[in-house]
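Every number here is computed from the coordinates shown, using simple stated rules; none is lab data. If you're wondering where the values come from, they're calculated on a predicted model, not measured in any experiment. Glycine also receives a Cβ, built like all others from the backbone with ideal geometry; neighbour counts cover every protein chain displayed.
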Amino acid sequence: MMNPPLRNWAGKRVWVIGASSGIGADTARSLLASGARVALSARRPEALAAVSAGHAHALVAPADMTSHDAIIGARDIILRAWDGIDLVLVVAGGYNEMRADAFDLAAANRLVDLNLRGVLNCLDAVLPVLLRQGAGGIGIVSSSAGYSGLPRALIYGPTKAALINLCESLYLDLRPRGIGVYLINPGFVDTPLTAGNNFPMPGLMSPQAAATTLLAGVQAGEFHIHFPRRFTNWLRLARLLPYSWYFPLVHRVTGL
């Protein structure tokens, strides 16, 4: 146990950034069903309204995380309503397949803006709040693709690797200050991001199962929450191999 355990969600103030679809939407729904107060942010207000419908403890605060002003504005709405935040979950992110023979600088920059700079915008919004409170926590969804280099993930993988490193550094800085940090590395989850994949996805999970596993890890006080473990543990093992073994293994397994 590396973070304080959470006995229940009742009354907890949770901000889910990226709550309009996929893992984020199901995480928000699960939290609301468990009695948490949940602020939902994403770019599409209508999708957030659908997720929050019928829940008295839902607070819709639309924001595009690539816009610093928008994220600060959403934070201020939440603080006016709640006067504090117990947990921030940064779930939003993007994916596009890219290989070296089809490098697209514009697409690469868009992915960096969303997956990395967008997370930094969120940190700038919430770190002062958490540090002032001396309590609470932040969870960031990275990806098991960030463990090591993979085909088709020329830019996606590095953005997620950066988030893994970021969470490790955040833990070292924040845990002594009473703030929990959660690194969340999913494998393949059946979301709009993976819908276009034309290759086998081992251990494919539903977003509902992913959300359940994510929240169970937070409640248990885990730092590194990864799933499905039968898949992610193989990737973690592979990253320890010498490159002379790792590269042939990846070629053999992926056929690329």
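Each Lys or Arg adds one and each Asp or Glu subtracts one; over the other residues with Cβ under 11 Å from the Cβ of Phe223, this totals -1. Charge dipole of region 57-149 (Cα centre as origin; +1 on each Lys and Arg Cβ, -1 on each Asp and Glu Cβ, all else neutral): 160 debye, rounded to the nearest 20.
Among Leu79, Ala25, Ala56, which residue has its Cα positioned farthest towards the positive end of the charge dipole of region 1-112, with +1 placed on the Cβ of Lys and Arg, -1 on the Cβ of Asp and Glu, and the dipole taken about the Cα centre? It is Ala56. Of the trypsin sites (Lys or Arg not before Pro) found in region 15-104, the ones in coil according to DSSP and having at most 12 other Cβ atoms within 10 Å of their Cβ are Arg99. Short to long, the 10 Å bins of the Cα pair-distance histogram for region 13-254 hold 7, 32, 37, 18, 5, 0 percent of all pairs. The Cα atoms of region 71-194 give a gyration tensor whose axes a ≥ b ≥ c have a/c of 1.5 or more with a/b greater than b/c, which makes the shape prolate.
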